[in-house]
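The values are calculated or read from the model by the stated rules, or taken from the named source; none is laboratory data. No experiment lies behind these values; they were computed from the predicted model shown. Neighbour counts are summed over all protein chains in view; Cβ atoms, including those assigned to glycine, are modelled from backbone coordinates with ideal geometry. Side chains are part of the model used for accessible areas, which takes the heavy atoms of the whole protein and leaves out ligands, DNA and RNA. Shrake-Rupley method; radii C 1.70, N 1.55, O 1.52, S 1.80 Å.
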Amino acid sequence: MGKTGTAGNKDKRVRSDCFVEIELTEMGGIEIDLKSKVIKLYREAILDLCMEELRFFGIENAKVIIEDHGALPFILEARIEAAVKMCLDTDREFLPEMIPENLYHTEKERFRRSRLYLPGNTPSYMINAGIHKPDGIILDLEDAVAPSKKGEAKILVRNALRHINFYGAERMVRINQIPMGLDDLDYVIPHNVNVVLIPKCESAEQILEVDEQILRISRENDVHNPVYLMPIIESALGVVKAFEIASSSENIVSLAIGLEDYTADVGTQRTIEGRESFFARSQVVNAARAAGVQPIDSVFSDVADTEALKKTIIESKSLGFEGMGCIHPRQINIIHKYYAPNEAEIEKAKMIIEAFYEAEQKGMGVVSLGSKMIDPPVVKRALRTMEYAVKAGKCPKDWRKVDA
């Protein structure tokens, strides 16, 4: 018996995935046992892809079992590669074609109201995730992936980043906790990632380690697009060091909080009322604002309770958060609706922009609204409020815009 490697999922409920088993043999060439519901249509294509990939890795003799449940080629490629790498010690990568650069461009200042978590080893959730229009899509390599599956998940996430069009959603990956997560970066930095989420972050040193690793990988792979960072505060120590973390790198765009792990760390239970996390959430908002980055709230885990979600968002917004995570597409529209500016916020923003515009037209060096002075950051926030109001359908597109 030679070395054997397996990858993928097999179950009656599995869809858009496959299971691959490869056993290296000393002779006999390549023997492939293929089972698929679409075998009449795609038998030759699947066999050709498998042979091409095995030859790429220099495998001439092997017994291969493929149980296909509608896997797209990039998924099949990832599963074969993962199985091969359980048999062989190789750094070679069988990479799918890269999508056009204009499909994964992002900016430091952009809306991050909703970020949809997707398990990094479940391709069926990834394929059409962009049609739900979240601001960000997170391919999760951490808590959503079993320890025994993390190796193959990295390959699948890499292929998904290269291949899937997320229709304008920011392309995010949550790596594993540092230091383990540093190894994940080789699988995501060269492959269209926009934001790296750093879980259970407790120090600026962890951020700097990630920054250094990203810089090295970017130089080695000729990556020019920026890769931003979103540390996640999930412990008492992380809350205490929130500002240190938020201000540790110019690449940080957001500071998030994860309340499931935080409440466990402080020895309490998470409640809808949120009294047990009020201090931590306020600290994270204050640290983010002081560092000039976006404060992002935790996920709301009860998918069925939309009323509680609405109340949580309203409170979250009142604390100063700009968005939150979500674990189901049905939460996205609710998040966008209730984080949107209300009528009073829209009117105030219009007044600030109008006052700034009039002062600028008159050549005045000082701008005020009533008894309060208006400086450029205030105007910038007002313009952002109006941009959000337009996007949320609460204000017509033809309101007078001013470049502050």
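A few remarks follow.
- Tilt relative to the chain, helix 150-163 - C-alpha long axis, 0 to 90 degrees, to 10: 70
- Charging the Cβ of each Asp and Glu at -1 and of each Lys and Arg at +1, and nothing else, the dipole of the chain about its Cα centre rounds to 1580 debye.
- Scaling the Cα radius of gyration of the chain by the globular reference 2.2 N^0.38 Å produces a ratio of 1.12.
- Here's the list of aspartates and glutamates a cross-link from residue 241 could span, going by alpha-carbon distance under 13 Å and ignoring same-chain residues fewer than 8 apart: 202, 205.
- Treating each Cα of segment 61-179 as one equal point scatterer and applying the Debye formula with no solvent, the log10 of I(q)/I(0) at q = 0.15, 0.18, 0.23 Å⁻¹ comes out as -0.71, -0.99, -1.45.
- Across segment 100-339, the convex hull enclosing all Cα atoms gives 113 Å³ per residue.
- Across segment 83-138, counting alpha-carbon atoms alone, Rg and Dmax equal 15.5, 44 Å.
- At R0 = 22 Å, FRET efficiency that the Cβ-Cβ distance of residue 47 and residue 25 yields, to 0.05: 0.80
- Computed from Cα atoms, the angle from the helix 376-391 axis to the main principal axis of the chain rounds to 60 degrees.
- More than 20 angstrom apart: percent of Cα pairs within segment 4-87: 24
- Of 12/154; 149/317; 337/380; 35/150; 317/362, those spanning more than 27 Å from alpha-carbon to alpha-carbon: 149/317; 317/362
- For chymotrypsin sites (Phe, Trp or Tyr not before Pro), the sites in segment 70-173 that DSSP calls loop and that have at most 15 other Cβ atoms within 10 Å are 167.
- Projected area, mean over directions - segment 277-330, Cα convex hull, nm²: 3.7
- Think of it as helices only: each DSSP H run of n ≥ 4 in the chain is worth -39500 (n - 2.57), and spread over all residues that comes to -12500 deg cm²/dmol at 222 nm.
- Diffusion coefficient of segment 127-234 by Stokes-Einstein, Kirkwood radius over Cα pairs, 4 °C, 1.567 mPa s: 92 µm²/s.
- The order of 162, 270, 275 by accessible area, most exposed first and with a 1.4 Å probe, is 275, 270, 162.
- Of all DSSP beta bridges in the chain, antiparallel share, percent nearest 5: 30
- 3J(HN,Hα) along segment 36-45, derived from phi through the Karplus expression 6.51 cos²θ - 1.76 cosθ + 1.60 where θ = phi - 60°, amounts to 7, 6, 10, 5, 5, 8, 10, 3, 5, 5 Hz, with x in place of Gly and Pro.
- Rounded to 10°, Cα long-axis angle of helix 278-291 versus longest principal axis of the chain: 80
- Over segment 270-369, all Cα pairs binned in 5 Å intervals from 0 give whole-percent P(r) values of 2, 12, 18, 17, 16, 13, 8, 7, 5, 3, 1, listed from short to long.
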